[in-house]
1. Along the range 17-23, what does the Karplus equation 6.51 cos²θ - 1.76 cosθ + 1.60 (θ = phi - 60°) give for ³J(HN,Hα), rounded to whole Hz, x for Gly and Pro?
2. Quick one: which residues, 5+ away or cross-chain, put their amide H under 5 Å from the amide H of LEU57? H built at 1.01 Å from N.
3. Just to confirm, what accessible area per residue do you get for the chain at 1.4 Å probe, in whole Å²?
4. Using a probe of 1.4 angstrom, how much of the accessible area of the chain is carbon and sulfur, in percent?
5. Please compute the contact order of the chain in relative form: average sequence separation of alpha-carbon pairs under 8 Å and at least six residues apart, divided by the residue count, as a percent.
6. HN-Hα J couplings of the range 75-88 from phi, Karplus 6.51/-1.76/1.60, θ = phi - 60°, integer Hz, Gly and Pro as x?
7. Working with all protein chains in place, sort ARG113, ARG30 by solvent-accessible area computed with a 1.4 Å probe, largest first.
8. Find how much the distance from ASP117 to GLU104 grows on full extension, using 0.36 nm per residue of separation minus their present alpha carbon separation; answer in nm with one decimal.
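The values are calculated or read from the model by the stated rules, or taken from the named source; none is laboratory data. Predicted model only: the values in this text are computed from it and were never measured. Note: accessible area is taken over every heavy atom of the protein model, side chains too, but ligands, DNA and RNA are not part of it. Shrake-Rupley method; radii C 1.70, N 1.55, O 1.52, S 1.80 Å.
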Amino acid sequence: MALWQGESNRKSTGGRLVSAQGKRKFEIGREKQFTKIGEQSLKQYRGRGGSVKVGMLSAEYANVVDKKTNTVKKVKILTVKTNPADPNYVQRNIMNKGATISTEIGDAIVTSRPGQDGAINAVLLE
């Protein structure tokens, strides 16, 4: 079933709102695609106007910034340590923005949106 991102049929007071139009194709959302740990896999999505958005389905490496030396390194991801979006994501090794990942050079926080950007960028924790 498609996700619909249109107007609600209820007012802010809870009363019923009679819409002047029905559902439209441009109001359809897409199903969630979670980024997991594994061999890199990307998926392209068509956006409105023909634009292309690249979503990451699985990733093996992350671009990690070390603020002390001001350098970026491509390092292997070991596990997901914490994820404030959902505690269940830690058990399933799902990464999204704000997740703390364990890498070869230490723990890092994901700063990009892998499902939207097609890459995992992170900042090394002290």
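1. So the Karplus estimates, Gly and Pro as x, are 10, 8, 7, 7, 9, x, 6 Hz.
2. Hits under the 5 Å cutoff: SER41, LEU42, LYS43.
3. On the way: 8790 Å² over 126 residues.
Computed with neighbouring chains in place, this is 70 Å² per residue.
4. The computed percentage sits at 49.
5. 21 percent
6. 10, 6, 8, 9, 8, 9, 8, 9, 8, x, 5, 6, x, 5
7. Values: ARG113 125, ARG30 100 Å².
Heavy-atom accessible area, descending, gives ARG113, ARG30.
8. Details: separation 13, 0.36 × 13 = 4.68 nm, distance 2.28 nm.
Stretched out fully, the ASP117 to GLU104 stretch lengthens by 2.4 nm.
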